[in-house]
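Chemist: Quick one: the structure is below, questions incoming.
The values are calculated or read from the model by the stated rules, or taken from the named source; none is laboratory data. Not measured: the values here are computed from a predicted model. Glycine also receives a Cβ, built like all others from the backbone with ideal geometry; neighbour counts cover every protein chain displayed.
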Ligand SMILES: [Zn+2]
Ligand SMILES: [Zn+2]
């Protein structure tokens, strides 16, 4: 791959609307944050409110070693993804072709001969987003519950302040697994729908992604990794994950550990007993909630290599890592 393409990879993510980091999704979060600022200002009164810029981008967050590490990690990770480990991902077309071949081998060629219809398209689109979201929830649950995997997921939870870039604070091991599971679940679901509906299995897209996912990215998705508290009504928090619920997921408070592992929908957590739906504003501190907070994770060396060291020591039964197992 060309060197310039690798250098461009981190910026490409901001421009391509099929990526969650795209400028339009960041802009929609900004609009919602501005409304939240105005509500806050109206409630507190002029005298107690700082300027919009200082409220949105406080120096205590932007200059925090955690945020600085996020920014550096983002750029290097996206270049590594483009240069090296992007080719290791199991993609949607690959799993679609493999699953279609398996179905045809086991069940014979599909006899489905339906004409395209908006009803089929809506069902196909909904089934794909549900399958994807369930697989991401289940994987996130496993990353919390299996100690060997938690060593890698800790990278994401070690953030002590959050900005939208924190969404990309993901160890390459987790990113490869996450992206591959996403590719596998979408590809396999599309193969099932194609086998059942034939050419009528059309996914409705916006910016080349499932329309429900695009709408989700527009719905202040990026505020989940921020200090801006946006809480949906209590009943709605049982259906869709709001930014406040994901902030709870990052809280150091033990009662918040292993809660709200959903990506788009929260009913998986509701069914599993891991839903935490706040009824009012909660003051949160972000981080691991262990003695490892306070700076040990805010260097590129730690973010890349500490998970390998900790999981290696865990396999050898050596307990020289801090007691950071997630709560039971
Ligand atoms: Zn998590
Ligand atoms: Zn997060």
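Chemist: I need a count of the residues in the stretch 1-37 that are farther than 30 Å from residue 51 by Cα, part of a helix (DSSP H, G or I) and touching a helix residue (DSSP H, G or I) at 6+ places or on another chain (Cβ under 6 Å).
Modeler: Total satisfying the criteria: 3.
Chemist: Report every pair of residues separated by at least 6 positions or lying on different chains whose Cβ atoms are under 6 Å apart, first residue within the stretch 154-173 and farther than 11 Å from residue 307 by Cβ, second in a loop (DSSP other than H, G, I, E, B) and more than 12 Å from ligand 1 (Cβ to nearest atom).
Modeler: 160/287; 161/64; 162/226
Chemist: I'm checking my understanding of the structure. Among residues of the stretch 238-268 that are assigned to a helix (DSSP H, G or I) and over 15 Å from the mean Cα position of the chain (by Cα), which one is nearest to ligand 2 (Cβ to nearest atom)?
Modeler: Only one residue fits best here, namely 256.
Chemist: Would you pick out the residues in the stretch 84-123 that are surrounded by fewer than 16 Cβ atoms within 10 Å (Cβ to Cβ), under 30 Å from residue 300 (Cα atoms) and touching a residue at least 40 places away in the same chain (Cβ under 8 Å)?
Modeler: Once the filter is applied, which keeps residues that are surrounded by fewer than 16 Cβ atoms within 10 Å (Cβ to Cβ), under 30 Å from residue 300 (Cα atoms) and touching a residue at least 40 places away in the same chain (Cβ under 8 Å), the stretch 84-123 yields 85, 88.
Chemist: With (1) in contact (Cβ under 8 Å) with a residue 40 or more places away in the chain; (2) closer than 30 Å to residue 23 by Cβ; (3) buried (at least 18 other Cβ atoms within 10 Å of the Cβ) as the list, and residue 126 as the residue in question, which single condition is left unmet?
Modeler: (3)
Chemist: Here are the criteria: (1) within 20 Å of residue 154 (Cα to Cα); (2) away from ligand 1 (no atom under 12 Å from the Cβ). Tell me which single one residue 260 does not satisfy.
Modeler: (2)
Chemist: Going by what's in this entry, would residue 145 be described as buried (at least 22 other Cβ atoms within 10 Å of the Cβ), within 16 Å of ligand 1 (Cβ to nearest atom) and touching a residue at least 24 places away in the same chain (Cβ under 8 Å)?
Modeler: no
Chemist: A further question on this structure: Within the stretch 177-215, count every residue that is in a helix (DSSP H, G or I) and within 24 Å of residue 86 (Cβ to Cβ). It would help to see each step written out before you state the result.
Modeler: Going residue by residue through the stretch 177-215, those that are in a helix (DSSP H, G or I) are 177-200, 211-215.
Still in the list and also within 24 Å of residue 86 (Cβ to Cβ): 177-191, 213-214.
Summing the residues that are in a helix (DSSP H, G or I) and within 24 Å of residue 86 (Cβ to Cβ) in the stretch 177-215 gives 17.
Chemist: Which residues, counting only those in the stretch 165-180, are closer than 10 Å to residue 153 by Cβ and more than 14 Å from ligand 1 (Cβ to nearest atom)?
Modeler: 173
Chemist: Just to be sure before I move on: is residue 274 outside any helix (DSSP H, G or I) and within 16 Å of ligand 2 (Cβ to nearest atom) in the structure I sent?
Modeler: yes
Chemist: Could you tell me whether the stretch 249-256 includes any residue that is touching a residue at least 60 places away in the same chain (Cβ under 8 Å), in contact with a strand residue (DSSP E or B) (Cβ under 6 Å, 6 or more places away or on another chain) and surrounded by 15 or more Cβ atoms within 10 Å (Cβ to Cβ)?
Modeler: yes
Chemist: A further question on this structure: Given the criteria within 13 Å of ligand 2 (Cβ to nearest atom) and farther than 22 Å from residue 135 by Cα, does residue 199 qualify?
Modeler: For residue 199, the condition - within 13 Å of ligand 2 (Cβ to nearest atom) and farther than 22 Å from residue 135 by Cα - is not met.
Chemist: Quickly run through the stretch 207-227 and pick out the residues that are crowded, with 22+ Cβ neighbours inside 10 Å, closer than 19 Å to residue 67 by Cα and more than 13 Å from ligand 2 (Cβ to nearest atom).
Modeler: Those that are crowded, with 22+ Cβ neighbours inside 10 Å, closer than 19 Å to residue 67 by Cα and more than 13 Å from ligand 2 (Cβ to nearest atom): none in the stretch 207-227.
The rows are residues; the columns are (1) exposed (fewer than 15 other Cβ atoms within 10 Å of the Cβ); (2) in contact (Cβ under 8 Å) with a residue 40 or more places away in the chain; (3) under 28 Å from residue 80 (Cα atoms).
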residue: 5; (1), (2), (3): yes, yes, yes
residue: 9; (1), (2), (3): no, yes, yes
residue: 24; (1), (2), (3): yes, yes, yes
residue: 28; (1), (2), (3): no, yes, no
residue: 39; (1), (2), (3): yes, no, no
residue: 52; (1), (2), (3): yes, no, no
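Chemist: Tell me, please, whether a residue that is touching a helix residue (DSSP H, G or I) at 6+ places or on another chain (Cβ under 7 Å) and within 15 Å of ligand 1 (Cβ to nearest atom) can be found in the stretch 227-239. Full working, then the answer.
Modeler: So in the stretch 227-239, the residues touching a helix residue (DSSP H, G or I) at 6+ places or on another chain (Cβ under 7 Å) come out as 227-231, 237-239.
Filter once more, keeping what is within 15 Å of ligand 1 (Cβ to nearest atom): none.
No: zero hits.
Chemist: Moving on. Please pick out the residue among 131, 191, 138 that is modelled with pLDDT of 95 or more, surrounded by fewer than 17 Cβ atoms within 10 Å (Cβ to Cβ) and more than 16 Å from ligand 2 (Cβ to nearest atom).
Modeler: 138
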